[in-house]
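Beneath this line is the structure, given in structure tokens, with notes to follow.
The values are calculated or read from the model by the stated rules, or taken from the named source; none is laboratory data. Given the structure is predicted, the values throughout are model-derived calculations rather than measurements. Glycine gets a Cβ as well: all are built from the backbone with ideal geometry, and neighbour counts include every protein chain shown. The protein model used for the area step is the full one, side chains on, heavy atoms only, and it has no ligands, DNA or RNA in it. Shrake-Rupley method; radii C 1.70, N 1.55, O 1.52, S 1.80 Å.
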Amino acid sequence: MSNHFTLDGVTVPFTTGQTIMDAALKAGIYIPHLCHNPEFKPHGSCRLCTVNVNGRNVAACTTPAAEGLEIENETHEITTQRRLLLKLLFVEGNHVCPACEKSGACQLQAVAYHCGMLAPEFVHFYPKRAVDASHPETIIDFNRCILCELCVRASHDIDKKSVFTISGRGIHSHLTINSPSGKLGDSDFTASDKAARVCPVGAILPKHKGYNKPIGKRLYDQAPISQVGDVAQHQEATDE
Ligand code: SF4
Ligand code: FES
């Protein structure tokens, strides 16, 4: 049986077991998100999908849909909060978009455009993180990792390898590779792994394919993320 809630005044149907995010995406309504990917169990860590439900802020990706909910998504207040979260993400890593191969096909960049982020507001951390180029087919730039754990979940749940882990806590959280040397080339990761194709930013990239598609012709150069959705759903874009 189908029930309904309202999202920014629009009636959205849902079926039992769906989250607010599931139902909204199914109805073609975009709720900004980074750690969510419909192929995986919701994680609820980035908080970018926070919506207001009957006066209370909740994560759309983990909150079950329920009959009669009145949900706000694109209000001035919520968008301002999302911009704040995005600005924090941009200063926490080294996101040098013009020099990134993922520019134009990066979910972080595209969501930032969607939320109207125009300039940084906070002092950059400029963390010093080494790039791991030890694998013959894949490179990892930890500077761009936003700790969404999609590669962790893909490697564990689908590849059955657990190549990736998040170590540390709070501001010291970081992505680590489960191999004797801590290097990707020393793990059993392969370029055909699901984990190689889920990164929403330019942290996990294929080697030997740089700039296959010119900047200006990439996924989010053609249409905004609210129309085309997640980069991981566009296989060709994950190789750009
Ligand atoms: Fe997410 Fe990519 Fe970082 Fe993995 S490497 S946690 S997929 S941002
Ligand atoms: Fe919901 Fe990240 S998408 S918390």
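The set of residues from region 182-212 being more than 14 Å from ligand 1 (Cβ to nearest atom) and free of Cβ contacts under 8 Å to residues at least 40 places away in the same chain comprises GLY182, ASP188, SER192, LYS209, ASN212. In region 111-121, which residue that is open to solvent by less than 40 Å² (accessible area, probe 1.4 Å) and without any contact (Cβ under 8 Å) to a residue 60 or more places away in the chain is farthest from ASP188 (Cα to Cα)? Of everything passing the filter in region 111-121, GLY116 is farthest from ASP188 (Cα to Cα).
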